[in-house]
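Student: I'd like to ask you about the structure that follows.
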Amino acid sequence: MVKDAFSHVTAWVFDLDNTLYPPETRLFDQIEVRMTRYVMESLGVDAIEADRLRRHYWQLYGTTLAGLMREHDVDPGPYLTEVHDISFDELVPDAVLSARISRLPGRKIVYTNGTARYAERVLEARGLSGLFDAVYGVEHAGFLPKPERAAFETIFARDGIDTTRAAMFEDDHRNLAAPHEMGMRTVHVAPDAHEAEHIHHHTDDLTGFLRNLA
């Protein structure tokens, strides 16, 4: 049974975007538009090149910001403020998901490559505020992004998590490799399954998956 595979878990780590809200809301599309515009203005390139760089840095480094910092010495503060200044009107409260998360035994945290403030606004719009013991953003990892192992190590050390008794829920399969290496139970939350050794479980319905763990 799936429940048995999580019987040892005392800490539950959730990614934010496209994990704690359905990807159909396309909330991240707004962020991508702002990222492209920021790249245009910061590097003095046209929209086509900015969009190419945005995607390239995401593929190469895990986030567009990481590429901008490493290759162009971009200040992360103004960038993060600008790209997360979006509308949350498409998000709706999810009382069932809230109930499922609240029933999980042990510590519950959110860890995102966005900012903690952005995460808190998303949680509020989803009716998930107050469920989590802590919310961590990329700033808490010294702006190192997932999937870098050092980023996970920084966050988990800060929180005091025993990774051998923890589970990670994440929509980007790349971001489950390091947690798997660290002994965590990994759940890929995405419409399509990705076959890889570092993925223990896949679901396209987080709420339904958590029901099986209650």
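Student: Within the stretch 51-61, track down each residue that is crowded, with 19+ Cβ neighbours inside 10 Å and over 16 Å from Phe28 (Cα atoms).
Tutor: Leu53, Tyr57, Tyr61
Student: Another one. On the basis of being touching a Ser or Thr at 6+ places or on another chain (Cβ under 7 Å), surrounded by 17 or more Cβ atoms within 10 Å (Cβ to Cβ) and either closer than 23 Å to Thr64 by Cβ or not assigned by TED's automatic domain parsing to the domain that holds Ser7 (or both), does Pro147 make the cut?
Tutor: When the stated conditions are applied, Pro147 does not pass them.
Student: Working carefully through the options Asp85, Asp29, Asp4, Asp89, find the one that is of a type in the set (Asp, Glu), without any contact (Cβ under 8 Å) to a residue 60 or more places away in the chain, part of a loop (DSSP other than H, G, I, E, B) and farther than 27 Å from Gly142 by Cβ. So that I can check it myself, show each step before the final result.
Tutor: Values: Asp85 fails: farther than 27 Å from Gly142 by Cβ; Asp29 fails: part of a loop (DSSP other than H, G, I, E, B); Asp4 fails: part of a loop (DSSP other than H, G, I, E, B).
That would be Asp89, the only listed residue that is of a type in the set (Asp, Glu), without any contact (Cβ under 8 Å) to a residue 60 or more places away in the chain, part of a loop (DSSP other than H, G, I, E, B) and farther than 27 Å from Gly142 by Cβ.
One line per residue, one yes/no per condition, for (1) among the aliphatic types (A, V, I, L, M); (2) within 17 Å of Leu123 (Cβ to Cβ); (3) surrounded by 14 or more Cβ atoms within 10 Å (Cβ to Cβ):
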site	(1), (2), (3)
Asp17	no, yes, yes
Pro22	no, yes, yes
Arg34	no, no, yes
Thr63	no, no, yes
Val92	yes, yes, no
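Student: Here's a follow-up. Do we find that Ala150 is within 20 Å of Arg174 (Cβ to Cβ), over 14 Å from the mean Cα position of the chain (by Cα) and of a type in the set (Gly, Ala, Ser) in this structure?
Tutor: Working: within 20 Å of Arg174 (Cβ to Cβ): yes; over 14 Å from the mean Cα position of the chain (by Cα): yes; of a type in the set (Gly, Ala, Ser): yes.
Yes: the conditions hold for Ala150.
Student: In addition: For residues that are assigned to a helix (DSSP H, G or I) and of a type in the set (D, E, K, R), scanning just the stretch 114-126, find the one that is farthest from Ser102 (Cα to Cα).
Tutor: By that ranking, first place goes to Arg117.
Residue-by-condition table, conditions (1) more than 26 Å from Asp171 (Cβ to Cβ); (2) modelled with pLDDT of 95 or more:
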residue: Thr36; (1), (2): no, yes
residue: Ser42; (1), (2): yes, no
residue: Glu49; (1), (2): yes, yes
residue: Arg52; (1), (2): no, yes
residue: Gln59; (1), (2): no, no
residue: Gly67; (1), (2): no, no
residue: Arg70; (1), (2): no, no
residue: Val74; (1), (2): no, no
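Student: What number of residues in the stretch 65-80 are of a type in the set (Gly, Ala, Ser) and surrounded by fewer than 13 Cβ atoms within 10 Å (Cβ to Cβ)? Walk me through it before giving the result.
Tutor: Step one: of the stretch 65-80, the residues of a type in the set (Gly, Ala, Ser) are 66-67, 77.
Filter again for surrounded by fewer than 13 Cβ atoms within 10 Å (Cβ to Cβ), leaving 77.
Residues flagged as of a type in the set (Gly, Ala, Ser) and surrounded by fewer than 13 Cβ atoms within 10 Å (Cβ to Cβ) within the stretch 65-80 amount to 1.
Student: Of the residues Ile109, Ile48, Ile101, Ile86, which single one is in contact with a strand residue (DSSP E or B) (Cβ under 8 Å, 6 or more places away or on another chain) and either loosely packed, with under 15 Cβ neighbours inside 10 Å or over 26 Å from Glu148 (Cα atoms) (or both)? Before you say what the answer is, go through the steps one by one.
Tutor: Values: Ile109 fails: either loosely packed, with under 15 Cβ neighbours inside 10 Å or over 26 Å from Glu148 (Cα atoms) (or both); Ile48 fails: in contact with a strand residue (DSSP E or B) (Cβ under 8 Å, 6 or more places away or on another chain); Ile86 fails: in contact with a strand residue (DSSP E or B) (Cβ under 8 Å, 6 or more places away or on another chain).
Being in contact with a strand residue (DSSP E or B) (Cβ under 8 Å, 6 or more places away or on another chain) and either loosely packed, with under 15 Cβ neighbours inside 10 Å or over 26 Å from Glu148 (Cα atoms) (or both) holds for just one of Ile109, Ile48, Ile101, Ile86, which is Ile101.
Student: Right, here's the next one. Would you check if there is a residue in the stretch 129-139 being of a type outside the set (A, V, I, L, M, F, W, C), farther than 30 Å from Thr81 by Cα and in contact with a Phe, Trp or Tyr (Cβ under 6 Å, 6 or more places away or on another chain)?
Tutor: As a first pass, look at the stretch 129-139 and keep what is of a type outside the set (A, V, I, L, M, F, W, C): 129-130, 133, 136-137, 139.
When the remaining residues are screened for being farther than 30 Å from Thr81 by Cα, the result is none.
No, because not a single residue in the stretch 129-139 is of a type outside the set (A, V, I, L, M, F, W, C), farther than 30 Å from Thr81 by Cα and in contact with a Phe, Trp or Tyr (Cβ under 6 Å, 6 or more places away or on another chain).
Student: Could you check how many residues of the stretch 102-113 are closer than 25 Å to Ala141 by Cβ and over 16 Å from the mean Cα position of the chain (by Cα)? Steps first, answer last, please.
Tutor: Initially, the stretch 102-113 is screened for residues closer than 25 Å to Ala141 by Cβ, giving 104, 106-113.
Next, from what is left, pick out any that are over 16 Å from the mean Cα position of the chain (by Cα): 104, 106-107.
Here the count works out to 3.
The values are calculated or read from the model by the stated rules, or taken from the named source; none is laboratory data. In this text, all values refer to a predicted model and were calculated from it rather than measured experimentally. Every residue, glycine among them, receives a Cβ derived from its backbone with ideal geometry; neighbour counts consider all protein chains shown.
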